[in-house]
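Visitor: Below is a structure I'd like to ask you about.
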Amino acid sequence: MSARRVVIFLIARPLIAVAIAALVVGVLLLRDTHRQTTPVTARTQHVALSDAQQTQLGSRQYAKTLRDNRADIVASGPAYAEVRRVAARIEAVAGRDKPAFHWRVTLLRNTEANAYCLPGGKIVVYTGILPVTRNDSALATVLGHEVAHATAEHAAERIERQHLTRVAAAIIAGGVAFTPRQYLRVAALLGAADTLPFTRSQESEADHIGLIYMARAGYRPRQAVAFWRRMQRASKGKAPPEILSDHPSDAHRIERIQKWLPEAERAYTPARAE
Ligand SMILES: [Zn+2]
């Protein structure tokens, strides 16, 4: 095809033109992978998405979640106040590792015991987790764990491993993703879908980093053990929620957390009086 015919072809098919433009922009965005070291665990990782790109990707997913669940957003009352209070302290700590992230938290009315943090620092908490957390320290355990997935760039790492960086880049560039299935796979990796988005070792790493985060934020790390025991009891006989996903066993998880407790106790920094 001559260049002129290509242009005519693209003008006649605006969706394809947008997709190609998005792809070109995406490839330009992703020329270099960057090397980063995970907080706390100091593991070296290579990811193609920069902090700014991860923030853009997370923000898009977050905006969609808020649109889709507008009627269930909780924006007042004691549960909302608690989530805001604990999230602010965890965000302040995690923000030292990721100054480029834009932190936000939303509480959604949902009976599922779940919470997640999108790449770039957008946190979603379901009201269903609050009867299990019961107090600020346990909520800090949950938020520490979820935020650790974001600061350790676990979603970006998985997008990379599954060769979906170009799809992610097309989404960032505002174009259409290649196919709905590919888009769903990226969305699943962002942690918002009902799949098992993280690997076992990433879950374990999030437990470790999260424990240090809660301690640095002024919450007693041993409260994490009590919380995971309650979570274990609460999920008996039911399909495990994402937060419990892909773990060898909860007993093993608690064992490992106990192993990290001395390090977390050393990281414990009492919160300043407010
Ligand atoms: Zn997790």
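The values are calculated or read from the model by the stated rules, or taken from the named source; none is laboratory data. Keep in mind it's a predicted model, so treat the numbers as computed, not measured. Protein only, heavy atoms only, side chains kept; ligands, DNA and RNA dropped before computing areas. Shrake-Rupley method; radii C 1.70, N 1.55, O 1.52, S 1.80 Å.
Visitor: If the chain between R266 and T179 were fully stretched, how many nm would it gain, using 0.36 nm times the residue separation less the Cα-Cα distance? Numbers along the way, then the final one.
Guide: Numbers: separation 87, 0.36 × 87 = 31.32 nm, distance 4.86 nm.
Extra length from R266 to T179 when fully extended: 26.5 nm.
Visitor: Using alpha-carbon pairs under 8 Å, 6+ residues apart, how would you state the relative contact order of the range 65-167 in percent?
Guide: Values: 129 pairs, mean separation 25.4, N = 103.
Reported relative contact order: 25 percent.
Visitor: Heavy atoms of the protein only, probe of 1.4 Å, neighbouring chains included. What is the accessible area of Y126 in Å², nearest 10?
Guide: 30
Visitor: Counting pairs of Cα atoms in the range 47-141, how many percent are more than 17 Å apart? Write down the numbers at each step before the final one.
Guide: Details: 2244 of 4465 pairs.
Taking all Cα-Cα pairs of the range 47-141, the fraction more than 17 Å apart is 50 percent.
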